[in-house]
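Chemist: Please see the structure below; I have some questions.
The values are calculated or read from the model by the stated rules, or taken from the named source; none is laboratory data. Note that the structure is a prediction, hence the values are computed from the model and not measured. Cβ sites come from the backbone with ideal geometry, for glycine too, and all protein chains shown count toward neighbours. Each accessible area value is taken on the protein alone, full model and side chains, heavy atoms only, with ligands, DNA and RNA left out. Shrake-Rupley method; radii C 1.70, N 1.55, O 1.52, S 1.80 Å.
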Amino acid sequence: MTAPTGFTDITDELAAQAIELPSWAFGNSGTRFKVFGTPGTPRDPFEKIADAAKVHELTGLAPQVALHIPWDRCDFEALATHAGQLGVRLGTVNSNTFQDDDFKFGALTHVDERIRSKAIDHHIECIDVMDATGSRDLKIWLAEGSNYPGQADMRGRQDRLHDSLAKIYDRLGESQRLVLEYKFFEPSFYHTDVPDWGTSFAQVSALGDKAKVCLDTGHHAPGTNIEFIVMQLLRLGRLGSFDFNSRFYADDDLMVGAADPFQLFRIIHEVIRGGGLNNPDVAFMLDQCHNVENKIEGQMRSVLNVQEMTARALLLDTAALTAAQESGDVIAANDIFMDAFYTDVRPALAEWRTSRRLPANPVQAFRESGYQEQIEAERVGGTQAGWGA
Ligand code: PSV
Ligand code: MN
Ligand code: MN
């Protein structure tokens, strides 16, 4: 097998790649129509970590797992020890202000000071968890907004959001960060309080250097040039993290690289261009749900998709591209770009994995490992963890 030209020059970058898995991807999830139960689904955070560790063991790509509070509430020191024993670490802590009746009309933006304080206290609890687990990042996604014109004072809510975020920011430790995720709609359908990167950027910039933007690839209007946003946030030094997933319609949370591999390639190209690859300041995370496919395989396929597009983007002949761009040769520039995208790196990656004592085909290795049969036999009784449980 002949590897694509330049493949050996990119293996150090590939070896350094680390993608964080979301604990909730291993629990049951669904749509608002139905949550399907799956045999072997974890019953507690410890079992979620075990599944995540399996993904890392077979791919070498996923050494860290993000938690969601309160879904993953447990003895966090014990959980961190358990993770370490399985060869992974606990990562980003996600807050949750979208499942409490008190937050129906807002949490960090609510007009009632009592409710705002309750929401701030929840974030302080999340930072306490980060202290216990050694996590660096607090990720905040807010389900806040309104459904009807006139329903809410959008300006007042923005001001209250700033005040609440400032109180949370003040509680962060020296090496901890806050990442503020945006999403253009849902569950609110008229206005959302943090709908776009500009709003997130404005809010985090008003806090300080430890506050950054989280870019979830599924949180944009159709047709949005997401790689432009990546470029701009990197340029401004405010891209804190990615929530990778893919979408056909809205916030589908499908496997990253499944719906639009070319978009993933373009995004990773801008990450590389902006110095964000394997840069600890820019966390690569997945934010996905596996409603109908095997969850462990779904996570494996996703990190492998990111790896594959990273390899293709690293193979781009940037010197030739720059020359074509600067000479105004539109066709040549596009050809060079597309050549990298169309390079089939799968055989070279399989061979490289083998050289690192990883399975050439991790999904197949998982199927042959007996792990799925084992967890289906063992995880009986108790309640399966699920999105919202
Ligand atoms: C809701 O849209 C959401 O998918 C956000 O993307 C969060 O990151 C995730 O849930 C977990 O809270
Ligand atoms: Mn997200
Ligand atoms: Mn989402």
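Chemist: Restricting the count to DSSP beta bridges whose residues both fall in the chain, what percent are antiparallel, rounded to a multiple of 5?
Modeler: Within the chain, antiparallel bridges account for around 10 percent of the total.
Chemist: Multiply the residue separation of GLU368 and LYS167 by 0.36 nm, subtract the distance between their alpha-carbon atoms, and state the gained length in nm to one decimal.
Modeler: Answer, rounded to one decimal: 67.3 nm.
Chemist: Still on this structure: Can you give me the C-alpha center-to-center distance between the stretch 1-49 and the stretch 323-380, rounded to a whole angstrom?
Modeler: 13
Chemist: Which order, highest average first, do 229-238, 370-379 follow once you tally other Cβ atoms within 10 Å for each residue and take the mean per peptide?
Modeler: Packing proxy ranking, top to bottom: 229-238, 370-379.
Chemist: Another one. Within 13 Å, Cβ to Cβ, of ALA360, how many net charges do the neighbouring residues add up to if Lys/Arg are +1 and Asp/Glu are -1?
Modeler: Values: positive: ARG346, ARG353, ARG356, ARG357; negative: GLU351, GLU368.
So the surrounding residues net to +2.
Chemist: Now for a different question. Please go through the stretch 234-307 and write out the GluC sites (Glu not before Pro) that DSSP classes as loop and that have at most 15 other C-beta atoms within 10 Å.
Modeler: GLU293
Chemist: Now for a separate question. Give the span of the stretch 315-370's Cα atoms along each principal axis, as three whole-Å numbers ordered largest to smallest.
Modeler: Computed over the Cα atoms, the extents are 56, 18, 11 Å.
Chemist: Might you tell me the accessible area per residue for the chain, computed with a 1.4 Å probe and given in Å²?
Modeler: 44
Chemist: Suppose a student asked you for the relative contact order of the chain, using Cα pairs under 8 Å spaced at least 6 residues apart; what percent would you report?
Modeler: Dividing the mean separation by the residue count of the chain yields 21 percent.
Chemist: Please say if the stretch 136-295 is rounded, prolate or oblate, where rounded means a/c under 1.5 for a ≥ b ≥ c the square roots of the C-alpha gyration tensor eigenvalues, and otherwise the choice is prolate for a/b larger than b/c and oblate otherwise?
Modeler: Verdict is oblate for the stretch 136-295.
Chemist: ASP128: net charge of surrounding residues, Cβ under 15 Å, Lys/Arg +1, Asp/Glu -1, itself excluded?
Modeler: -4
Chemist: In addition: Over the C-alpha atoms of the stretch 243-389, what are the Rg and the largest Cα-to-Cα span, Dmax, in Å?
Modeler: Final numbers for Rg and Dmax: 18.7, 67 Å.
Chemist: Separation between the VAL111 and ASP9 pseudo-spin-labels, each 7 Å from Cα along Cα→Cβ, expressed in nm?
Modeler: About 6.2 nm separates the two model spin labels.
Chemist: Hey, another quick one. Is the shape of the chain best called rounded, prolate or oblate, per the rule: a/c under 1.5 gives rounded, else a/b larger than b/c gives prolate, else oblate, with a ≥ b ≥ c the square roots of the Cα gyration tensor eigenvalues? Display every interim value, and only then the final one.
Modeler: Numbers: a/c = 1.79, a/b = 1.19, b/c = 1.51.
Judged from the Cα gyration tensor, the chain comes out oblate (a/c at least 1.5, b/c at or above a/b).
Chemist: Stretched out fully, how many nm does the piece from GLU125 to THR383 gain, at 0.36 nm a residue minus the Cα gap?
Modeler: 90.4 nm
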